[in-house]
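J.: Shown below is the structure under consideration.
The values are calculated or read from the model by the stated rules, or taken from the named source; none is laboratory data. Because the structure is a prediction, the values reported are computed rather than measured. In this analysis, Cβ positions are derived from the backbone assuming ideal geometry, glycine residues included, and neighbour counts consider all displayed protein chains. Side chains are part of the model used for accessible areas, which takes the heavy atoms of the whole protein and leaves out ligands, DNA and RNA. Shrake-Rupley method; radii C 1.70, N 1.55, O 1.52, S 1.80 Å.
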Amino acid sequence: MDSVLLIKFLLLGLIHLVFIHGNRGCSEKEKAALLEFKAFVESDGYDADQLFPSWVNDPEHECCCKWERVGCDSTTGHVIKLSLSNARQFDVTSYSLDDPQNSWHLNLSLFQPFKELRSLNLSFNAISRIQNKGTLAV
């Protein structure tokens, strides 16, 4: 009876270790989507490396769950929270947020790969128009 219990305990421990070490953080699709968002910010003329310095595409930074502004589920490793507030640097010479130069046209399909996303903070970005290029399940 004790040997059966010991075998069950060892199997459960092995399964637990495989599950924990098999979870490498966010998926490649999620990492690619974060890098695409960073590129979107850069394409608008902003210094995304200053805003997202840990968001880099190299083997050293494989897990995007350790990136700033990103929160992941501790069990699945999928991205569940994105804090992208104030991701734009406004033209301080313009006195109005209504100035078209200070408005942002955001494509929601950038967030499509985040299947488990529960919190998305886009405050203080002066988003003037939201586009949806593609199908986005909300």
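J.: Can you say whether Lys29 is open to solvent by 80 Å² or more (accessible area, probe 1.4 Å), in contact with a Pro (Cβ under 9 Å, 6 or more places away or on another chain), modelled with pLDDT of 90 or more and outside any loop (DSSP other than H, G, I, E, B), as far as the supplied structure shows?
T.: Judged against the criteria, Lys29 is a match.
J.: Here is a further query. Residues Leu106, Leu136: which one is under 17 Å from Lys29 (Cβ atoms) and at pLDDT below 90?
T.: Going through Leu106, Leu136 in turn, just one is under 17 Å from Lys29 (Cβ atoms) and at pLDDT below 90: Leu136.
J.: Which numbered condition in (1) part of a loop (DSSP other than H, G, I, E, B); (2) open to solvent by 30 Å² or more (accessible area, probe 1.4 Å); (3) at pLDDT 75 or above is the only one that Asp91 fails?
T.: (3)
J.: How many residues are open to solvent by less than 40 Å² (accessible area, probe 1.4 Å) and under 28 Å from Thr75 (Cα atoms) if we restrict to the range 114-130?
T.: 2
J.: If I ask for residues that are touching a residue at least 24 places away in the same chain (Cβ under 8 Å), under 16 Å from Phe114 (Cα atoms) and of a type outside the set (D, E, K, R), which ones from the range 37-74 would you list?
T.: If the condition is that a residue be touching a residue at least 24 places away in the same chain (Cβ under 8 Å), under 16 Å from Phe114 (Cα atoms) and of a type outside the set (D, E, K, R), then Phe37, Cys63, Cys64, Cys65, Trp67, Val70, Gly71, Cys72 are the ones that fit.
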